[in-house]
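*Asks:* Please find one structure pasted underneath; my questions will follow.
Every number here is computed from the coordinates shown, using simple stated rules; none is lab data. These figures come from a predicted structure and were not determined experimentally. Here the Cβ is made from the backbone with ideal geometry for all residues, glycine too, and neighbour counts use every protein chain on show.
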Amino acid sequence: MKHQLTQKFNDIYSKEARHAYFSPGRVNLIGEHIDYNGGLVMPCAITFGTYLLINPNEDNVFRFRSLNFDENPEVAVQAGYKKDGDGWYNFPLGVIEHFTKDGHQITGLDMLFFGDIPIGAGLSSSASIEVVMAYALNDLFDAGYTKLELVKIAKSVENNFIGMNCGIMDQFAVAFGEKDKAIVLNCDTLKYDIVPSNLGNYVLAIINTNKSRKLVESKYNERVEECQAALKELNKALSINYLCDIDTATFNQHKNLIADDTIRKRAQHVVEENDRVKLAAGALAANNLAGFGELMYASHDSLRDLYEVSGKELDAVVEYAKTNPNVAGARMTGAGFGGCAIALVKKDEFDSFSKELAAYYTDKIGYAPSVYQSLIGDGVGTLLATSEV
Ligand code: GLA
């Protein structure tokens with residue numbers, strides 16, 4: 001009875017919940033702003049995530065409840081659904097819309113969601129809720145989709161229903177993550193390796209800057225467009241589908257094709273970051289945490305200077321990390337513009353790291369960060385008994 005969700009479901013609906021599902025959030029170890037450029041990323045699922053308790057009802061209505069939000073919308077079952085403002089329930093509603101458009105008869109549902117992922121912190125709370133909903137509908141209505149198809153549905157909801165032109169990394173990671181493993185995913189071919197996360201005597205810290213993220217969607221979509229512009233310029237001489245189809249050496253030979261300085265910087269980040277992921281995978285496999293950490297720092301610097309998606313809050317975390325000999329590496333994770341950073345910290349020194357970082361950050365930024373020791377968990381699944389939650 002971790003969160004007493006079963007009891008809460010009972011209180012709200014005066015019925016026992018019959019089905020329960022969980023989908024995690026994710027952190028990305030390295031490979032940022034790479035997925036929509038067809039390259040390599042290295043995310044893992046975390047143990048924080050979204051719980052969904054759900055019962056079909058006979059009332060032809062979708063009842064959306066969440067312990068995280070006050071709105072309790074009800075939507076009548078109909079032939080199609082449209083995004084409604086910025087409410088949280090657009091994410092599950094978008095999934096219902098997708099299944100319905102695909103010809104599945106999705107009938108009334110009583111739902112209770114609860115997420116213990118800090119919302120809007122760049123840990124993929126939206127992919128988590130989309131994937132848990134898609135997984136639940138697939139199970140309850142025997143829709144017969146594979147897990148990869150569910151990932152693609154969730155991404156399509158985010159792109160077409162919500163309006164964020166994200167790549168596939170987040171939905172993939174929260175669906176395919178495995179305990180104590182990282183995923184090395186090729187976002188073009190969708191081939192992937194599940195590799196041991198091998199952190200040795202280090203642990204992964206998640207540092208939430210607690211900066212409220214604003215305009216993430218529009219700035220994110222702007223970066224996507226900038227990469228498309230760079231690709232177009234490079235294709236005056238090359239013939240590539242994605243920026244990540246070339247390595248740094250090839251980019252350097254052709255970068256002058258890109259006239260605009262900003263667009264060239266964006267492309268440089270993408271190409272070099274993709275090369276860094278290859279090196280990082282090798283470093284992790286060889287238990288070379290120091291080497292892995294250096295690549296994390298290089299990734300952050302590039303996101304700050306070339307891709308310009310960091311900010312003073314994320315930079316403050318990384319600046320502090322660089323002064324602490326017990327930290328192997330640190331970087332922002334996710335889209336950026338606020339949100340979370342991650343750091344590899346010596347296990348026995350986690351408490352002092354956490355305290356010193358909080359003091360440094362608070363002094364510099366004016367409010368405190370939240371620091372968690374993150375565990376790497378499993379991807380989406382059914383909870384065997386509703387009493388698990
Ligand atoms: C967000 C998007 C992902 C990815 C990251 C940046 O999390 O949803 O698709 O692009 O940003 O790496």
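*Asks:* Please list 3J(HN,Hα) in residue order for the range 319-330, calculated via the Karplus relation 6.51 cos²θ - 1.76 cosθ + 1.60 where θ = phi - 60°; whole Hz, with x for glycine and proline.
*Replies:* In residue order, the calculated couplings are 4, 4, 4, 5, 8, 9, x, 8, 10, 7, x, 7 Hz.
*Asks:* Now for a separate question. What angle, in degrees between 0 and 90 and rounded to the nearest 10, separates the Cα long axis of helix 216-234 from the longest principal axis of the Cα atoms of the chain?
*Replies:* That helix lies at roughly 50 degrees to the long axis.
*Asks:* Further question: Amide H to amide H, which residues 5 or more places from residue 377 or on other chains are under 5 Å from it, using H placed in the peptide plane?
*Replies:* Answer set, sorted by chain and number: 45, 46, 47, 180.
*Asks:* Then there's this: Packing-wise, with mean Cβ within 10 Å as the measure, how do 288-295, 160-167, 218-225, 36-43 rank, highest first?
*Replies:* Peptide ranking by packing, descending: 36-43, 288-295, 160-167, 218-225.
*Asks:* What are the ³J(HN,Hα) couplings of the range 170-184, residue after residue, when phi is run through the Karplus curve with 6.51, -1.76, 1.60 and θ = phi - 60°? Round to Hz, x for glycine and proline.
*Replies:* 5, 5, 5, 5, 6, 8, 9, x, 9, 3, 6, 10, 10, 10, 9
*Asks:* Over the range 116-255, consider all pairs of different Cα atoms and compute the Kirkwood hydrodynamic radius from their mean reciprocal separation; express it in Å, one decimal.
*Replies:* Across the range 116-255, the inverse of the average 1/r is 17.7 Å.
*Asks:* Using every Cα-Cα pair within the chain, state what percent have a distance larger than 28 Å.
*Replies:* Pairs farther apart than 28 Å: 46 percent.
*Asks:* Further question: Would you kindly state how much longer the chain becomes between residue 363 and residue 160 on full extension, computed as 0.36 nm times their sequence separation minus their alpha carbon distance, in nm to one decimal?
*Replies:* So the chain would gain 68.9 nm between residue 363 and residue 160.
*Asks:* Decide, for the range 263-389, between rounded, prolate and oblate: order the square roots of the alpha carbon gyration tensor eigenvalues as a ≥ b ≥ c, take rounded if a/c falls under 1.5, and otherwise choose prolate if a/b is larger than b/c, else oblate.
*Replies:* Rounded, because the longest to shortest axis ratio a/c is under 1.5.
*Asks:* Taking amide H positions as placed in the peptide plane 1.01 Å from N, state which residues far from residue 311 in sequence (5 or more) or on other chains have amide H under 5 Å from it.
*Replies:* none
*Asks:* Run the numbers for residue 257 and residue 71: contour at 0.36 nm per residue of separation, minus the present Cα-Cα distance, in nm.
*Replies:* Extending this stretch completely gives an extra 61.9 nm.
*Asks:* Something else about it: Rounded to the nearest 5, what is the percent of antiparallel bridges among the DSSP beta bridges in the chain?
*Replies:* Rounded to the nearest five, the antiparallel share is 90 percent.
*Asks:* Rounded, prolate or oblate: which one fits the range 83-123, using the alpha carbon gyration tensor with axes a ≥ b ≥ c (rounded when a/c is under 1.5, else prolate when a/b beats b/c, else oblate)?
*Replies:* Prolate.
*Asks:* Additional query: What does the helix-only formula give at 222 nm for the chain: each DSSP H stretch with n ≥ 4 adding -39500 (n - 2.57), the total divided by the residues, and the result rounded to the nearest 500 deg cm²/dmol?
*Replies:* -12500 deg cm²/dmol
*Asks:* Let me ask something else. Extent of the range 41-143 along each principal axis, from alpha carbon coordinates, in Å, largest to smallest?
*Replies:* If we take the Cα atoms of the range 41-143, the spans are 38, 30, 24 Å.
*Asks:* Just to check I understand the Karplus step: with θ = phi - 60° and J = 6.51 cos²θ - 1.76 cosθ + 1.60, what whole-Hz values come out for the range 59-75, glycine and proline as x?
*Replies:* 9, 6, 9, 9, 9, 9, 10, 9, 6, 8, 10, 7, 5, 10, x, 10, 10
*Asks:* Next up: Amide H neighbours of residue 329 under 5 Å, counting only residues 5+ apart in sequence or on other chains, H built in-plane at 1.01 Å?
*Replies:* It is 344, by chain and number.
*Asks:* Sticking with this one: Which whole-number percentage describes the relative contact order of the chain, with Cα contacts under 8 Å and a sequence gap of 6 or more?
*Replies:* Relative contact order for the chain comes out at 25 percent.
*Asks:* What is the calculated FRET efficiency for residue 312 to residue 279, with r their C-beta to C-beta distance and R₀ = 30 Å, to the nearest 0.05?
*Replies:* About 0.60, to the nearest 0.05.
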